[in-house]
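One structure is given below, encoded as structure tokens.
The values are calculated or read from the model by the stated rules, or taken from the named source; none is laboratory data. Just so it is clear, the model here is predicted, and its values are computed rather than measured. Cβ placement follows ideal geometry from the backbone for every residue including glycine, while neighbour counts extend to all protein chains displayed. SASA here: full protein model, heavy atoms, side chains in, ligands and nucleic acids out. Shrake-Rupley method; radii C 1.70, N 1.55, O 1.52, S 1.80 Å.
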Amino acid sequence: MTQYSYSRVSLFEDCPYHFRLRYIDKLTELPKLDADNPLIIGNALHKGIETDVETALEEYYNAFPVLTNAIIHEAMKLEILIPKVKDYLVENFVGFDYIHEYYIDKPDYRGFVDLILTTPNGESMVLDFKYSNNIKNYLDSGQLHIYKHYLEQDGFDVKRMAFLFVPKTGIKQKDNEDLFHYRKRIVQAVEDSSVKMVPIEYDEMNVVYFKNSIKKIETANSYPKNVSGNCFSCNPRFQPNYLEAIQNEKGEVQMALPKNERRERTIDTRPDFWIYADSYVGKSTFVDQVDNVLFLNTDGNTDNTTAPVIPLKDEVTKEGRRTVRKLAWEVFLDTIQDLETVENDYEAVALDLVEDIYEQCRVYVFEKNGWEHESDGSYGKGWSKVTTEFNNAMKRLKALGYQVIYISKEIAEEISLKGGAKRTTFKPNIKDKIANFLTGTVDLTLRAYVDSNDERHLQLAKKQNVFGGGRFDFQVDTIPLEMDTFIEELTAAQEGKITKKKTDKPKRESKKRDTAEEENEKVSEAADQVEEEAAEEKPKRHRKRRDSEPEEKESTEEEKPKRQRKSRNSSEDEKEEKSKRQRRERKAVDDTPPGEEDSSDSEEPAEENPADDKPKRTRKRRTRVNN
């Protein structure tokens, strides 16, 4: 028997077409990694209410591949909102027992209840948190009524129900406003906002409507679009981006691609991945060690690789007196066609460099439409056409079943932490929105780098200021830039082997949130529709704490990972052991939520290791990576 959630049934009532894409065709929706994504913020908010601010911020930061100023702005809001909600609960529900994230698991229904408040005499109240200002949109919702119906089957005596609205603050930075004063306005606006509880009276008819809708779903044979007129997914602004579908500029699905079932393995030693690094680090040489790989190369730099190469560049031919130019993007599309139709022995395809391929796509769209820039297309159509053309080609390549590898150069950018301190971030040399799309199409994104001893490393651990992450729980932070070592760590990560003494938090709590994602999707889409707020008063000063260390020092200090692991398991020289522990401590500091001053922090390493850390002051050298 199918288990239905409230959001699943609501989506069918709003738009049977998108219901079919999500639940019948089971198309994979690529995540939208905007800093103000209500689903991500909502999950972090729930986590903070259940635990604490620090845990919530960790979950929020880890949802993104790299830290940005916009992410810090939203984190500043969470730091204020979470205590507001907790204080409200403490003041208004004295003596109640709290049950967070209660899972209702019935043969025909599943759902997560945000909070159940129970009195000493056994009576219960159900609270559902909403990160929104649009209260009237939820007054007719059947969600709480369904919760009460099924909770009473589990023995709860539900007497009251309510939505708890957590205010959403959306103010934009003015053209002539610096970051400091903009953030002051954000803090003041959030501090001036207030939590509001809206009681809901139980109506049994909502349960009847819900069960009738389930019957309609089970007998449906047609799936029209937007029958209610309220489908967010039918709005071009909120159209889902499906991995297995070719979509037009409006986001409409033109063709569903086949699911790539043959790539599923118990132990996956050939994941799709994206590797980026500064020039001459050896990223292409590393990928060259992949068995049966075909390089699609854009820069002609193939001297250090041995795998077959197809150059992606404009092809100029003569047809009589006529000169015919075939653009590089067309060569790329023809290559995808050949990989799809022509028998071959390749198992992997490496795009070297993927940012160049994106630029080739832009040139193709400009040439096709007679443009010089995306802005020449009216009302954002230019950007949409380029993005759609590029995304669809990547999806086609992914659907062929090869191991797909992206290779990119690295850029370094500075962001401002909450206290005003600067921090360097490292990411692939491509537009952020395209980077967010590409990282959603691979299993992991990795940064390679050279340390001060000219040794090459691959960073596996997730760092807030280093673009990366993936689905593997690696047991080590860094490894040498060698394919055999990489495969070994991939295998260990999937088998659960401990190759290094390290105690990570289990990912079960985040998985619980993933299970609840279906329940939260409707909330996120509705919250996305809320208009941005415009409160403009002056804020109070925010408390400051010491900041985590700058990445420049961190990147050069992540040295000799093999020796680090051995030193954990064997008793080596006391001096060496001490220095390694110090490096390990700095890594732990880096994982704390950012936003504090780093003025004192930048001087500490020199005091602790005046001799050893001298060569590791590579701030100037790292910032030149922008070139």
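Accessible surface for the stretch 310-434, divided over its residues, is 48 Å² per residue with a 1.4 Å probe. A Cβ-based charge dipole, computed about the Cα centre of the stretch 320-389 with Lys and Arg at +1 and Asp and Glu at -1, lands at about 660 debye.
Can you send over the carbon and sulfur percentage of the accessible area for the stretch 188-239, probe radius 1.4 Å, protein chains only? Spell out each step's value before the answer.
Working: 1550 of 3250 Å².
The nonpolar share, carbon plus sulfur, comes to 48 percent.
In this structure, K84 and I135 have a Cβ-Cβ separation that, at R0 = 22 Å, corresponds to a calculated FRET efficiency of about 0.85. Under 5 Å between amide hydrogens, built in the peptide plane, is the criterion, and for E414 it picks out T425 among residues at least 5 positions away or on other chains.
How much length, in nm to one decimal, is gained on full extension between E152 and H373, taken as 0.36 nm per residue of separation minus their Cα-Cα distance?
Numbers: separation 221, 0.36 × 221 = 79.56 nm, distance 6.02 nm.
Contour length minus the Cα-Cα distance gives 73.5 nm.
Pairs over the 26 Å Cα-Cα cut-off, from the set K172/K368; K130/K159; K47/K431: K172/K368; K47/K431.
Please state the charge dipole magnitude for the stretch 327-486, taken about the Cα centre, from unit charges on C-beta atoms (+1 on K and R, -1 on D and E), reported in debye and rounded to the nearest 20. Write down the numbers at each step before the final one.
Details: 19 positive and 28 negative charges, 215 e Å.
Using only the charged Cβ atoms, the result is roughly 1040 debye.
Report the FRET efficiency, 1/(1 + (r/R0)^6), for T28 and N121, where r is their Cβ-Cβ distance and R0 is 56 Å, rounded to 0.05. Working shown, then result.
On the way: r = 47 Å, r/R0 = 0.85.
According to the calculation, E is roughly 0.75.
So if the hydrodynamic radius of the stretch 289-421 is defined as the Kirkwood radius over C-alpha pairs, what does Stokes-Einstein give as its diffusion coefficient at 4 °C and 1.567 mPa s, in µm² per second? For the chosen part, D equals 77 µm²/s. Just so you know, the Cα atoms of the stretch 72-124 work out to an Rg and Dmax of 14.9, 44 Å. At most 16 other Cβ atoms within 10 Å and a DSSP loop assignment: could you name the chymotrypsin sites (Phe, Trp or Tyr not before Pro) in the stretch 1-101 that fit? For chymotrypsin sites (Phe, Trp or Tyr not before Pro) across the stretch 1-101 that sit outside H, G, I, E and B with at most 16 neighbouring Cβ atoms in 10 Å, the list reads F93.
May I ask you to give the percent of accessible area on the stretch 60-112 that is carbon plus sulfur, with a probe radius of 1.4 Å?
Values: 1070 of 2050 Å².
The nonpolar share, carbon plus sulfur, comes to 52 percent.
Leaving out ligands, DNA and RNA, and with a 1.4 Å probe, what % of the accessible surface on the stretch 306-454 is carbon or sulfur? Here it works out to 45 percent. If you plug the beta carbon distance of T269 and E414 into 1/(1 + (r/R0)^6) with R0 = 30 Å, you get a FRET efficiency near 0.20. The slack in the chain from K159 to T2, taken as 0.36 nm per residue of separation less the alpha-carbon distance, amounts to 53.6 nm. Whole-Hz Karplus values for the stretch 129-141 come out as 7, 10, 8, 6, 9, 8, 4, 4, 5, 10, 5, 9, 5 Hz, taken residue by residue from phi with 6.51 cos²θ - 1.76 cosθ + 1.60 and θ = phi - 60°; glycine and proline positions read x. Normalised by 2.2 N^0.38 Å, where N is the number of residues, the C-alpha radius of gyration of the stretch 1-114 stands at 1.29.
Pairs of alpha-carbon atoms within less than 8 angstrom and 6+ residues apart define the contacts here; what relative contact order does the stretch 345-440 have, in percent?
Details: 91 pairs, mean separation 28.8, N = 96.
Value for the stretch 345-440: 30 percent.
Under a 5 Å amide H cut-off, with hydrogens placed 1.01 Å from N, Q247 pairs with Q254 among residues at least 5 apart or on other chains.
Taking only C-alpha pairs under 8 Å that are 6+ residues apart, what is the relative contact order of the stretch 28-105 in percent? Write out the running numbers ahead of the final one.
Values: 42 pairs, mean separation 22.9, N = 78.
This gives 29 percent for the stretch 28-105.
Just need log10 I(q)/I(0) for the stretch 169-232 at q = 0.21, 0.24, 0.25, 0.26 Å⁻¹, Debye formula, equal scatterers on the alpha-carbon atoms, no solvent, rounded to two decimals. Reported log10 I(q)/I(0), two decimals: -0.96, -1.08, -1.11, -1.13.
Choose one of I82, T119, N133: the residue whose Cα lies farthest towards the positive end of the charge dipole of the stretch 73-192 (beta-carbon charges +1 Lys, Arg; -1 Asp, Glu; about the Cα centre). Positive-end residue among those listed: N133.
What does the accessible area per residue of the stretch 1-92 come to in Å², with a 1.4 Å probe and no ligands, DNA or RNA counted? Don't skip to the end; give the middle numbers.
On the way: 3200 Å² over 92 residues.
Roughly 35 Å² per residue, with all protein chains present.
Under the combined filter of DSSP loop state and at most 13 neighbouring Cβ atoms within 10 Å, the stretch 9-89 retains these trypsin sites (Lys or Arg not before Pro): K26. Evaluated with a Cβ-only charge set (Lys, Arg +1; Asp, Glu -1), the stretch 92-235 carries a dipole of roughly 620 debye about its Cα centre, given to the nearest 20. With the whole protein complex present, R325 retains an accessible surface near 140 Å², based on a 1.4 Å probe.
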